[in-house]
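The values are calculated or read from the model by the stated rules, or taken from the named source; none is laboratory data. Predicted model only: the values in this text are computed from it and were never measured. No Cβ is skipped: glycine too gets one built from the backbone with ideal geometry, and neighbour counts run over all protein chains shown. These accessible areas exclude ligands, DNA and RNA; they are computed on the full protein's heavy atoms, side chains included. Shrake-Rupley method; radii C 1.70, N 1.55, O 1.52, S 1.80 Å.
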Amino acid sequence: MSTARPALRCALSTHFIRPSRHRLNIPDMDLDTWNAPQPCPRSRSAGQRCIEQIAALLEGPGRRRSDPRGGTVAALPHALQCAQLAEWAHAEVELIGAALLHDLGHLLGSLGGPAPAGLDHAGQAARWLSQHWDDGLTEPVRLHSLAKRYLVGFDPRYGEALSTPSLHSLAVQGGPMTPLEMRRFEALPHAGAAIKLRIWDDMAHHPGKSTPPLQHYLDLLERLLPTEPPRRSHLPIALQTSA
């Protein structure tokens with residue numbers, strides 16, 4: 001049994017989702033590699049400029065753009081609520097940052113330039129953020145869309161609570177994961193974090209909810225700026241994603 005499954009069960013049971021059992025003998029497979037972004041040379045000043053861009057995106061188009069899944073809050077309050085839920089859960093600091101930035105890909109078009117081919121909003125955000133942050137932050141962002149497919153495959157009751165737009169995107173993404181796909185997803189080092197992020201994502205849709213200010217989380221992002229070469233621990237994955 002995958003060593004990742006106990007951690008995933010813990011993440012799911014925390015949110016009252018009853019785990020199911022999948023007993024499969026999974027053979028060794030050649031997986032398509034994800035074209036991991038090649039980070040630019042890092043410097044603290046460059047990272048701080050990136051944080052300024054994040055602030056401009058969230059404070060500008062993030063205040064105006066509604067949740068693309070048909071939610072009732074704009075991107076900025078959604079991001080703040082998601083990060084607050086991560087804090088309340090005593091998540092690692094990098095996962096709190098991922099919770100804040102998980103939907104940044106929906107806003108990156110405001111910076112101009114073509115979107116990377118073949119990447120959904122989660123992949124676009126992870127590629128952009130990997131210029132300055134390690135995969136403890138970027139991988140939960142990249143995987144949170146796939147986590148929805150995992151959760152629906154893990155417990156159909158999760159799918160019953162999805163909004164109509166989210167159900168539509170689920171169908172576009174390939175529907176619930178098969179047991180084989182679930183095993184492959186579980187093998188990823190940050191799968192458990194991505195599942196937690198996805199659940200907080202679903203909960204962060206309350207108009208007018210009080211949250212810490214954006215600057216609180218921007219300061220957190222600045223503390224996370226690494227000074228060493230990036231840590232890349234993700235494994236290749238060949239699962240379809242879509243915006």
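With a 1.4 Å probe and all protein chains left in place, how much accessible area per residue does region 180-228 have, in Å²? Don't jump to the answer; show the numbers that get you there.
Working: 2130 Å² over 49 residues.
Per-residue value: 44 Å².
Quick check on packing: order 179-188, 208-217 by the mean number of other C-beta atoms within 10 Å, highest mean leading. Provide the component values of the computation, followed by the final result.
Numbers: 179-188: 19.3, 208-217: 13.6.
Packing proxy ranking, top to bottom: 179-188, 208-217.
What is region 75-203's relative contact order, in percent, from Cα pairs under 8 angstrom and six or more apart in sequence? Please report the intermediate quantities before stating the final value.
On the way: 140 pairs, mean separation 35.5, N = 129.
Dividing the mean separation by the residue count of region 75-203 yields 28 percent.
Using the Karplus curve 6.51 cos²θ - 1.76 cosθ + 1.60 with θ = phi - 60°, work out ³J(HN,Hα) for each residue of region 179-195 in order, rounded to whole Hz, and write x for Gly and Pro.
These are the phi-based 3J(HN,Hα) values: x, 5, 5, 4, 4, 5, 5, 4, 6, 6, x, 10, 5, x, 5, 5, 5 Hz.
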